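Engineer: Starting off with a structure, shown below.
The values are calculated or read from the model by the stated rules, or taken from the named source; none is laboratory data. These numbers were taken from a predicted model, which means no experiment stands behind them. Backbone-built Cβ (ideal geometry, glycine too); neighbour counts: all protein chains shown. Just the protein is used for accessible areas: all its heavy atoms, side chains included, with ligands, DNA and RNA removed. Shrake-Rupley method; radii C 1.70, N 1.55, O 1.52, S 1.80 Å.
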Amino acid sequence: MRPYGIFALLLLAGAAFAQNGGTITGTVLDLAGERVANAPIQITNVATHAVYKATSSDHGSYTVAQLPSGAYDITVAALGYNPYAQKNVTVAAGQTLRLDIRLFDFQLGTLGDGPEFKKDQQSPHTTPSGPAPRTRDGKPDLTGVWYAQRTVDPGKPELLPWAEKLLQESIANNSKDAPGAHCFTRGITAAGALFPYELVQTPTRLVMIFEDDLPSHRTVYLDGRGHPKDPNPTWMGHSIGHWEGDTLVVDSVGFNDKTWLDNQGYRHTEMLHVIERFHRPDLGHLEIEFTIEDPGAYAKPWIIKRVADLDPDYEIGEYVCLEGERDARHLVGK
């Protein structure tokens with residue numbers, strides 16, 4: 001075949017590919033209609049699981065082109081905002097689909113508690129340097145005030161159908177029914193994930209003090225006791241801990257089914273079993289790993305990995321929710 005013939009075939013093939021590929025384009029906006037820059041957009045083909053990524057521009061716009069025909073799930077995990085998800089968006093050959101994305105922050109723009117506060121809490125911070133402190137018996141000392149935990153690996157939860165249905169209903173309703181929005185306990189994996197918290201370690205206890213939750217504390221027993229044979233289901237469960245080298249392993253059972261595992265709407269049953277692993281690699285950082293086991297809501301264990309930065313100058317404040325509560329009536333659903 002002559003060279004120009006090969007070139008012509010390549011042009012035709014490229015034109016055919018361009019014609020067959022679809023495009024999703026739009027603008028990322030916040031609750032007030034302002035454009036959101038640097039939002040990471042992930043578009044996943046439902047059939048092939050191929051992933052296409054883009055980042056919104058300084059003006060909030062984004063475009064993902066050359067998408068094979070099919071259905072796509074679209075997610076956005078922008079710092080300071082609730083996770084965004086839209087499933088089964090259909091893209092046809094040669095089609096340009098306009099899809100504007102609206103992001104909501106957890107506090108719905110409340111002054112002082114909007115996305116800027118959340119961004120500050122969940123961004124990396126400058127921390128003191130040095131080795132991790134140790135107790136008299138040589139164990140790592142987890143004591144300190146910590147910025148809100150930030151997720152480094154969200155894991156891949158596989159929900160059972162009933163739990164998936166409730167999750168999608170909450171996402172569609174802007175998490176209007178979140179327990180914390182109605183002055184109920186957020187839950188074991190949500191406490192410490194939004195606001196600063198404090199750890200106080202003694203030889204027989206690890207006490208967690210929360211600035212944004214009721215109850216405002218949680219106790220992990222380190223004295224060798226076991227779980228109650230018939231625990232009374234509670235919001236935060238019953239927690240016991242032991243050391244594996246320099247890692248504190250916390251085992252928790254005895255939960256009711258009234259809390260969420262995050263602010264989006266992941267539910268659980270009273271069969272919930274949570275294993276936490278706390279490791280302080282140095283003075284300024286804390287690593288936390290959650291293993292969530294609940295055969296009543298999940299097909300397999302769900303592992304979440306987070307880190308927290310030490311805040312040596314902060315003091316945990318008190319938290320009052322029930323008295324003078326004014327937020328619930330203003331929550332915006334759909």
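Engineer: Would you mention how many residues in the range 43-74 are among the polar types (S, T, N, Q), in a strand (DSSP E or B) and surrounded by 16 or more Cβ atoms within 10 Å (Cβ to Cβ)?
Structural biologist: 2
Engineer: Which of (1) aliphatic (A, V, I, L, M); (2) surrounded by 15 or more Cβ atoms within 10 Å (Cβ to Cβ); (3) farther than 25 Å from Asp30 by Cα does Ala78 not meet, given it meets every other one?
Structural biologist: Of (1) aliphatic (A, V, I, L, M); (2) surrounded by 15 or more Cβ atoms within 10 Å (Cβ to Cβ); (3) farther than 25 Å from Asp30 by Cα, only one is false for Ala78: (3).
Engineer: Restricting attention to the range 241-274, which residues are open to solvent by less than 30 Å² (accessible area, probe 1.4 Å) and either of a type in the set (D, E, K, R) or more than 30 Å from Lys165 (Cβ to Cβ) (or both)?
Structural biologist: Within the range 241-274, Gly241, Thr247, Leu248, Val249, Val250 meet the criteria.
Engineer: Cβ-Cβ distance below 7 Å, separation of 6 or more or different chains: which pairs start in the range 100-121 with a residue that is under 23 Å from Tyr62 (Cβ atoms) and end on one that is at pLDDT below 65?
Structural biologist: Asp105/Gly114; Gly114/Gln107; Lys118/Phe106
Engineer: Quick one: Lys118 ticks every box in (1) out of contact with any Phe, Trp or Tyr (no Cβ under 8 Å at 6 or more places or on another chain); (2) open to solvent by less than 50 Å² (accessible area, probe 1.4 Å); (3) closer than 30 Å to Arg277 by Cα except a single one, so which number is it?
Structural biologist: Among (1) out of contact with any Phe, Trp or Tyr (no Cβ under 8 Å at 6 or more places or on another chain); (2) open to solvent by less than 50 Å² (accessible area, probe 1.4 Å); (3) closer than 30 Å to Arg277 by Cα, the lone unmet condition for Lys118 is (1).
Engineer: Moving on. Can you go through Lys165, Lys156 and tell me which one is open to solvent by 60 Å² or more (accessible area, probe 1.4 Å) and under 18 Å from the mean Cα position of the chain (by Cα)?
Structural biologist: The unique qualifying residue is Lys156.
Engineer: May I ask you to say which residue of Asp309, Asp294, Asp327, Asp282 is at pLDDT below 95 and of a type in the set (Asp, Glu)?
Structural biologist: Asp327
Yes or no, residue by residue, for (1) in a strand (DSSP E or B); (2) within 26 Å of Tyr319 (Cβ to Cβ); (3) touching a Pro at 6+ places or on another chain (Cβ under 6 Å):
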{"site": "Glu169", "(1), (2), (3)": "no, no, no"}
{"site": "Lys176", "(1), (2), (3)": "no, yes, no"}
{"site": "Thr189", "(1), (2), (3)": "no, yes, no"}
{"site": "Glu198", "(1), (2), (3)": "yes, yes, no"}
{"site": "Pro203", "(1), (2), (3)": "no, no, no"}
{"site": "Leu214", "(1), (2), (3)": "no, yes, no"}
{"site": "Thr219", "(1), (2), (3)": "yes, yes, no"}
{"site": "Lys229", "(1), (2), (3)": "no, no, no"}
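Engineer: Collect the residues in the range 203-223 that are of a type outside the set (Lys, Arg), open to solvent by 20 Å² or more (accessible area, probe 1.4 Å) and touching a residue at least 12 places away in the same chain (Cβ under 8 Å), keeping them in residue-number order.
Structural biologist: The answer is Pro203, Thr204, Val207, Ile209, Glu211, Leu214, Pro215, Ser216, Thr219, Tyr221, Leu222, Asp223.
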